[in-house]
Ligand SMILES: O=C(O)C1=C[C@@H](OP(=O)(O)O)[C@@H](O)[C@H](O)C1
Ligand SMILES: C=C(OP(=O)(O)O)C(=O)O
């Protein structure tokens, strides 16, 4: 569980030497959550390798344990889960604490909607500020009842139903969490659950449900986006799952290596699901020397090795339609934009306001306090590149947000006067070995 009382500040100095080496990043966070949840819902046993053991995923593991499944750690990243079967989870004796993790809270809400018992869910100070109405509104159509704090915030009581009605819903926001939550409720509903998404979002739920033997229908909508449906109740069969490296985590190393002169870094076994790799496209548009090698399919997901060399970066204009495929990468890409030559525009970033922090505002504050000019027009961020001359010297508030903390640390490596970061503890939610891996490449973080 998150121990938010321990704060770890960090001072980062300009790095004079290149980053070099070959590495693996930990397992994909989205896939790791789903692996544990789906294994718990399956009949029989599942074996997971490459699981991310960051705090967010460990909150999911603890919740599945509290609901009667038996996730068990065998070795690093290797887990064995005895499933309970669809509709067979049992009432938790205590409050379910989802820590810092929106994915855990939203996906689990869907699972609990179609189980006939009471659960109470909470989270840390960041998660308790995040919107839950986006799931409680459609999930109420199942017949489940949700009681939240004012404004649809956690803590929340969920009175699930064993006779869930299937939901048909068109997503008002591009969110894989909301899509997944509704589909998961549908696993134990009688009839066809159908979700339309106006823009395609990460499809790990659809892919992994198929892997567990569920028939999932996906249609392209004439005006763009997708329609996803499944007929419940279903049976999931326990499976082996191999989790690829997290492309969102890899992007921190890629951006650092692209900026720091003389760097040359190879990251092996990174997930390349096209609904996750928008940041790699953007880095290439910016002129980064990024190559994707050894592409293959493992465990139903495309993976490959990434090779990056430092070089000049130029500004880009990234359309809003690109946002879902790189939604978690804007904090680190904002550093690449600040370092680049020219004026970058990131369009349509409204969803950044409801992450672990209001990332839209956090990015603006991080850059402005370090001498980078940033303009805001509606939901667009306009970053004036410094052509490699970020002055730095600022103090960065990370607001319990792991991606802000990692981005701030990398900003310090390329800023003339370095930076001060108020708290880096939350990095352990998604990337527990971030500092050792960066230091092995030569980053010289002094913790
Ligand atoms: O489904 C998932 O695993 C996730 C979906 C995204 O959130 P939204 O669905 O809120 O966009 C992303 O930001 C989050 O890190 C993980
Ligand atoms: C938004 C994120 O995660 P979550 O929504 O699961 O807290 C993230 O990891 O950047």
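The values are calculated or read from the model by the stated rules, or taken from the named source; none is laboratory data. Since we're looking at a predicted model, the values are computed, not measured. With ideal geometry, Cβ positions are generated from the backbone for all residues, glycine too; neighbour counts draw on all protein chains shown.
Among the residues of segment 26-42, at least one is in contact (Cβ under 8 Å) with a residue 40 or more places away in the chain, in contact with a strand residue (DSSP E or B) (Cβ under 6 Å, 6 or more places away or on another chain) and closer than 30 Å to residue 442 by Cβ. When residue 153 is tested against (1) within 20 Å of residue 188 (Cβ to Cβ); (2) within 16 Å of ligand 2 (Cβ to nearest atom); (3) out of contact with any strand residue (DSSP E or B) (no Cβ under 7 Å at 6 or more places or on another chain), exactly one condition is not met: (1). The residues of segment 398-415 that are in contact with a strand residue (DSSP E or B) (Cβ under 7 Å, 6 or more places away or on another chain) and farther than 9 Å from residue 335 by Cβ, listed by number, are 398, 405, 409, 412, 413, 415.
Residue check: is residue 249 within 16 Å of ligand 2 (Cβ to nearest atom), modelled with pLDDT of 95 or more and out of contact with any helix residue (DSSP H, G or I) (no Cβ under 7 Å at 6 or more places or on another chain)? Yes; evaluated as a whole, the condition is true for this residue. Only a single criterion out of (1) within 16 Å of ligand 1 (Cβ to nearest atom); (2) at negative phi is not satisfied by residue 369, namely (1). On inspection, residue 232 qualifies as in the same structural domain as residue 121 (by TED's automatic domain parsing), in contact with a helix residue (DSSP H, G or I) (Cβ under 6 Å, 6 or more places away or on another chain) and more than 16 Å from ligand 1 (Cβ to nearest atom). Being within 16 Å of ligand 2 (Cβ to nearest atom) and surrounded by 22 or more Cβ atoms within 10 Å (Cβ to Cβ) narrows it down to one residue among 323, 336, 340; which is it? Criteria check complete, one pass: 323.
Which residues, counting only those in segment 33-79, are on the phi > 0 side of the Ramachandran plot and either surrounded by fewer than 24 Cβ atoms within 10 Å (Cβ to Cβ) or in a strand (DSSP E or B) (or both)? Matches in segment 33-79: 44, 68, 77.
Applying the criterion of being more than 16 Å from ligand 2 (Cβ to nearest atom), in a loop (DSSP other than H, G, I, E, B) and touching a helix residue (DSSP H, G or I) at 6+ places or on another chain (Cβ under 9 Å) to the residues of segment 172-213, the residue that is farthest from residue 298 (Cα to Cα) is 172. State whether the residues of segment 347-355 include one that is at pLDDT 95 or above, touching a helix residue (DSSP H, G or I) at 6+ places or on another chain (Cβ under 8 Å) and buried (at least 24 other Cβ atoms within 10 Å of the Cβ). Among the residues of segment 347-355, not one is at pLDDT 95 or above, touching a helix residue (DSSP H, G or I) at 6+ places or on another chain (Cβ under 8 Å) and buried (at least 24 other Cβ atoms within 10 Å of the Cβ), which makes the answer no. Please work out if residue 368 is without any contact (Cβ under 8 Å) to a residue 60 or more places away in the chain and in contact with a helix residue (DSSP H, G or I) (Cβ under 6 Å, 6 or more places away or on another chain). Judged against the criteria, residue 368 is not a match. When segment 83-118 is filtered for residues that are outside any loop (DSSP other than H, G, I, E, B), away from ligand 2 (no atom under 16 Å from the Cβ) and surrounded by fewer than 24 Cβ atoms within 10 Å (Cβ to Cβ), only 118 remains. Scoring residue 158 on the criteria (1) in a helix (DSSP H, G or I); (2) in contact with a strand residue (DSSP E or B) (Cβ under 7 Å, 6 or more places away or on another chain) leaves a single failure, condition (1). Which one of 127, 96, 112, 171 is within 13 Å of ligand 1 (Cβ to nearest atom) and either more than 22 Å from the chain's Cα centre (by Cα) or closer than 18 Å to residue 62 by Cβ (or both)? On inspection, the qualifying residue turns out to be 127.
Residues in segment 17-48 that are away from ligand 1 (no atom under 12 Å from the Cβ) and within 20 Å of residue 62 (Cβ to Cβ): 26, 27, 36, 38, 39, 40, 41, 42, 45, 46, 47, 48.
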